[in-house]
Amino acid sequence: MNSTPYYRPTYLEIDLQAIYKNIAALQSQLAEQTTLIPVVKANAYGHGAARVVQFLEQRGLSLFAVATPDEAVQLRQEGCTSEILVLGISPHHFLPFAEQHNIHLTAHSLDWLLKIPASAKPRLHLKLDTGMGRIGLQSEQEVRQAVTLFSEHPNWDLQGIYTHFATADEAENPHFTRQLERFEQWIQLFPERPRYIHAANSAAAIQHQHAVFNAVRFGISMYGIAPSNWMKDNTPFPFRPAMRLVTEIVQVKQVAKETSIGYGASYTSAEPEWIGTLPVGYADGLLRGLKGLSPIVEEARVPIVGKICMDQTMIKLPKEFKVGTKVVLLGSNGVHTIPAEEWAELLQTIPYEICCQLSTRVPRIYPQSDK
Ligand SMILES: *Cc1c(COP(=O)(O)O)cnc(C)c1O
C-alpha cells in the first residue's frame, strides 16, 4: 500500500509537532506576554505555509509574518484567518485588499507613507533601518518626520515599530549593540508605544533576550534549524528539525566491473557493485553539488555515484537491497541523521537556503498533524 497519496515515492515529511515544540521551547525562555510571530515566508521555509499556519492557529498563534503581499493573499485563500504582517515592501494598489483582509503592511520610507491614498486606513508596522541597510527609515531625522506624519494621519493605524539585526547570530559583535541602541533611541521619539515593538529574529530571540521588546519574529529555528553554526553549539535548548526528505529505491541491480553510471559516464564501477536508483534529482532540490552526500539506507550511509540527474540519482549499495527500501536524504531514520547543515556545507551555503530551495514538485506530507 502507498504510504502517501502520490505515485512517486519521494516526499518531504513535515513534523508539525516539532515546529510547535520549538515554539514552546522559545516561548518558555521569554517573558510571558511576549508575542511570538511565526515567520512563514517562502512557503514556511519550504515546510508548507498553509498547513504550518493552520496547525499553529489551532494552538493559539494569531499573527504570522510573510515576505510578500502575494504570500499574504495566498494564505488568506488557503483559509488563514489570523493577522498577517508583510515584511517586504507592498505596492500602494495592495492597500485596499490589505485593509479588507486584515493584512498589516510594512511602511519602510517617508515617500511610501506620503503616497498612501487619503481614503485608506492601513494597519502599519514602521520599519527602522538601524544598520541592516536593506529597507526602513534611515535616520533619527526621518523617524521624527514619520512621527509627525502619523500624528497628522489619524487614519493610519500604527500597529508596530520594528527593525532587523544584521549580526544577531554571531558570538559578539559591536554592530549588534549599535543597532540595538539606535532602535531604543528611535522608538523613544514616538509619543506612545504601538501594540508591537519587535526587533528579534530567531538568533536574537534565543541569545539576546534584552533585544526582544514585546514580540519576536521566529523563523529558521521554529523549523528546528540553528541560525548559524556558532549558534548550533551555543543554544540553551535543542532544536528539533521538522523536515525529512525521504524516497525509496526503485531499481536495484548488480553491475559488472567497469560499468559506467550516469551522465558523462563519470563513474565506473571498480568491481561488481550493487547500484540502486532513487527517483529524486536536482529538479526536486537535490542539487548536483550534493554529489558528495551519503544518503541513509537502513543502517548504512551509502555514496551517490555518478552525476545527480534532474529526476533520478544512483547510489552504491553495500549489498543487495529490495526495491522499495526507504532512503533518507535529509533528516533522520532513527539510526543516522543528515542535518540541513550537512547539505549546506557541501553546497557552501547556509541551511536557510537548503530548506527554501526544495521544490514544489516534492509533496509535503504531515503524518503527525492529527495528534
Ligand atoms: C526572514 C525574516 C525573519 C526571520 O529570521 P530568522 O533568522 O529565520 O528567524 C525576521 N525578520 C525579518 C524582517 C525577516 O525578513
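The values are calculated or read from the model by the stated rules, or taken from the named source; none is laboratory data. Note that the structure is predicted; figures quoted are calculated from it, not measured. Using ideal geometry, Cβ is built from the backbone for each residue, glycine included, and neighbour counts are taken over all protein chains shown. The area values use the complete protein model at the heavy-atom level, side chains included, leaving out ligands, DNA and RNA. Shrake-Rupley method; radii C 1.70, N 1.55, O 1.52, S 1.80 Å.
As a length-normalised measure over Cα pairs under 8 Å and 6 or more apart, the relative contact order of segment 312-371 settles at 15 percent. If one puts a single equal scatterer on every Cα of segment 31-232 and applies the Debye formula without solvent, what log₁₀ I(q)/I(0) results at q = 0.09, 0.11, 0.18 Å⁻¹? Rounded to two decimals, the profile gives -0.32, -0.49, -1.32.
Our helix-only sum for the chain, with -39,500 (n - 2.57) per DSSP H run of n ≥ 4 divided by its residues, gives a mean residue ellipticity at 222 nm of -7000 deg cm²/dmol.
Using θ = phi - 60° in the Karplus curve 6.51 cos²θ - 1.76 cosθ + 1.60, the 3J(HN,Hα) couplings for segment 206-223 round to 7, 10, 10, 5, 6, 9, 8, 6, 10, 7, 10, 9, 9, x, 3, 7, 4, 8 Hz; x is entered for Gly and Pro. Averaged over residues, the count of other Cβ atoms within 10 Å places the peptides 61-73, 346-358, 44-56 in the sequence 44-56, 61-73, 346-358, highest first. Using a cutoff of 8 angstrom between alpha carbon atoms and counting only pairs six or more residues apart, the relative contact order for segment 227-339 works out to 30 percent. Placing a label point 7 Å from the Cα of HIS175 along the Cα-to-Cβ direction, the residues of segment 138-167 whose backbone N falls under 15 Å from that point are 164-167. The candidates HIS108, HIS210, arranged from most to least accessible area with a 1.4 Å probe in the full protein assembly, appear as HIS210, HIS108. Accessible surface computed residue by residue for segment 221-371, with neighbouring protein chains in place and a 1.4 Å probe, gives 47 Å² per residue.
Of the cross-linked pairs LYS257/LYS319; LYS232/LYS316; LYS41/LYS291; LYS257/LYS291, which ones have a Cα-Cα span greater than 23 Å in the structure shown? Distance filter (> 23 Å) returns LYS232/LYS316; LYS41/LYS291. For ASP157 and GLU320, the FRET efficiency from 1/(1 + (r/R0)^6), where r spans their Cβ atoms and R0 equals 51 Å, is about 0.20.
Taking amide H as placed 1.01 Å from N in the peptide plane, the amide H of THR313 sits under 5 Å from that of LEU278, VAL280, each at least 5 places away or on another chain. Near the amide H of PHE213, within less than 5 Å, lie no amide hydrogens of residues on another chain or at least 5 residues away, with H placed in the peptide plane. For PHE150, the solvent-accessible surface computed with a 1.4 Å probe is close to 30 Å², ligands and nucleic acids excluded. Axis angle, to the nearest 10 degrees, between helix 174-187 and the longest C-alpha principal axis of the chain: 40 degrees.
Ranked from the most accessible area to the least, with a 1.4 Å probe and all protein chains present, what is the order of ASP169, ASP233? Each step should come with its number before you reach the end.
On the way: ASP169 45, ASP233 125 Å².
Most to least solvent-accessible, the answer reads ASP233, ASP169.
Amide H to amide H, with H built 1.01 Å from N, VAL327 comes under 5 Å of THR247, GLU248, ILE249, counting only residues 5 or more places away or on other chains. Annotation: extensible slack from GLN74 through ASN234 equals 54.0 nm (criterion: 0.36 nm per residue apart, minus Cα-Cα distance).
Dimensions of the chain from C-alpha coordinates, computed as largest minus smallest value along each principal axis and given longest first, are 80, 42, 40 Å.
Computed over segment 293-347, the P(r) curve from all C-alpha pair distances, binned at 5 Å from the origin, holds 4, 18, 28, 28, 17, 5, 0 percent per bin.
Along the Cα-to-Cβ line of HIS210, 7 Å from the Cα, sits a label point; which residues in segment 155-181 have backbone N less than 12 Å from it? Answer for segment 155-181: 177-178, 180-181. Within straight-line reach of LYS307, meaning a Cα separation under 20 Å, sit the following aspartates and glutamates at least 8 residues removed in sequence or on another chain: GLU248, GLU258, GLU271, GLU273, ASP284, GLU342, GLU345. Spherically averaged projected area of the convex hull of Cα atoms, segment 243-365: 7.1 nm².
The string of couplings for segment 16-25 from the Karplus curve (6.51, -1.76, 1.60, θ = phi - 60°) is 5, 4, 4, 4, 5, 5, 5, 5, 4, 5 Hz, one whole number per residue in order, with x for Gly and Pro.
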